[in-house]
1. In terms of modelled amide H atoms, which long-range or inter-chain residues lie less than 5 Å from the amide H of residue 214?
2. Roughly how compact is segment 116-258, stated as its Cα Rg over 2.2 N^0.38 Å to two decimals?
3. Decide, for segment 43-141, between rounded, prolate and oblate: order the square roots of the alpha carbon gyration tensor eigenvalues as a ≥ b ≥ c, take rounded if a/c falls under 1.5, and otherwise choose prolate if a/b is larger than b/c, else oblate.
4. With θ set to phi - 60° and the Karplus curve 6.51 cos²θ - 1.76 cosθ + 1.60, what are the ³J(HN,Hα) couplings of segment 18-26 in order, to the nearest whole Hz, using x for Gly and Pro?
5. For residue 227, list long-range residues whose amide hydrogen, built 1.01 Å from N in the peptide plane, is under 5 Å from its own amide hydrogen.
6. P(r) tail for the chain, what percent of Cα pairs lie past 39 Å?
7. Enumerate the amide H contacts of residue 186 below 5 Å, restricted to partners 5 or more residues apart or on another chain; note that Pro and chain-start residues carry no placed amide H.
8. What translational diffusion coefficient, in µm²/s and rounded to a whole number, does the Stokes-Einstein relation yield for segment 87-163 at 4 °C and a viscosity of 1.567 mPa s, taking the hydrodynamic radius as the Kirkwood radius over Cα pairs?
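Just so you know, all these numbers are worked out from the coordinates, no wet-lab data involved. Note that this is a predicted model, so its numbers are computed, not measured.
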Amino acid sequence: MSQKKDNLIVVLDIGSAYTRVLAADLNEGALRFRGYGMVESAGMRKGLISELGPAVKAVKAANEKAERAARVNIDHCVVGVGGPHIRGLNTNGGIGLGNRMREIDKEDVRNAVERARAVERPPDREILHLLPRQFILDEQPGIFDPVGLVGVRLEVDLHIATCSGSALQSTVTCANRAGLEVSEAVLESIAAAEATLSADERELGVCLLNIGAHSSDLAVFFEGAVAYTASVPIGGQHFTNDLAVGLQMPVAQAEELKRQYGNAVVTAVPQQAVIEIANPQPGAAATLSLRTVAEILEPRARELLYFVKESLRQGGVVEALGAGCVLTGGGAMLPGMLDITESQLRVPARTGMPVRLSHMPGELVHPGFATAIGMLLYVHRTRVTRAAENNSLRTRLHAIFAASF
């Protein structure tokens, strides 16, 4: 296996249904896909790690597959964090720049952000991201990069994305015991947005709904910035469990039925549509009307979107969705979900397919991979930004020392 790892980016997505490891590298500044590994998750319950041993084995298995596909030894990664423990809050803070106007530098920006983040939060909450929504310079709002401008007071409207500290630590411990050093954690809804949303959608206002197995994460963007993040405790597995209970069949059979014949809109299914049931339970019918399947799935879909709407209302962003709602994650593939979303939220909806990276297999262009691919894109963008800042600093220092002599 190749040992060149200077430009390697590896992400770990431990989902309730699947554990994925994806690898890419920087090739002349561009992101090139290297390989991936995916296995069924183990040791998970309600979106959280409940048994460390099985979860570690799943991560190891996925990583070994990724190593073989990418032809590189993998010992570090960036992890994704999502689930019902995600919380977001908006805050404001600022600093005075003195009695006379002066030019703002990066240190001033950092100090303003630090002042805004100094809000009380429960001791078990960990900050994942500090996301400036806008800067306000001398009461002038709508500024996104104040560096180089002049004024006497700088304020920032800040969105803080937080997670459960114990949940994050469990994920990091799981990766460590699988032989992976964690360098960073990324909020999964922010990552999924990186792979699925356009710049216009972010500007006009859009809700990204990432439907996972046990929960659905959402992130709202408005005027190009994150305005709201949250999670609702309903995911694709709840749809499957409803079918298993309602039709008295094993969960695995219910999952296959949902994938092949499910629909979240009863009226979209022909009344005469019937399928035969393989190995029916004792006393159960050998045939099944597909309308019966939809009659079980539609109430759950409406419940999911009801909770999403209530969450948006609580966040004060329900009216900010000028570009509508984008559904991604494995649960977004259920037919009828777009119709339910449009009827519940009263905005246009579309399915969010992740962008295709160079050398990436076509089967990964699927909503189920949006989070992992978005994590690659997020890490790539942040690395490029940091490198540009470092180069700029080196250039300025070189100029200073050159002028000195």
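1. Answer set, sorted by chain and number: 16, 236, 237.
2. 1.38
3. It is prolate, given that a/c is not under 1.5 and a/b is the larger ratio.
4. Result, ordered by residue: 9, 10, 10, 10, 10, 10, 8, 9, 8 Hz.
5. Residues meeting the amide H criterion: 220, 221, 222.
6. Every Cα pair in the chain considered, those over 39 Å come to 24 percent.
7. Sorted by chain and number, the residues that satisfy this are 79, 80, 81.
8. D, rounded to a whole number, is 102 µm²/s.
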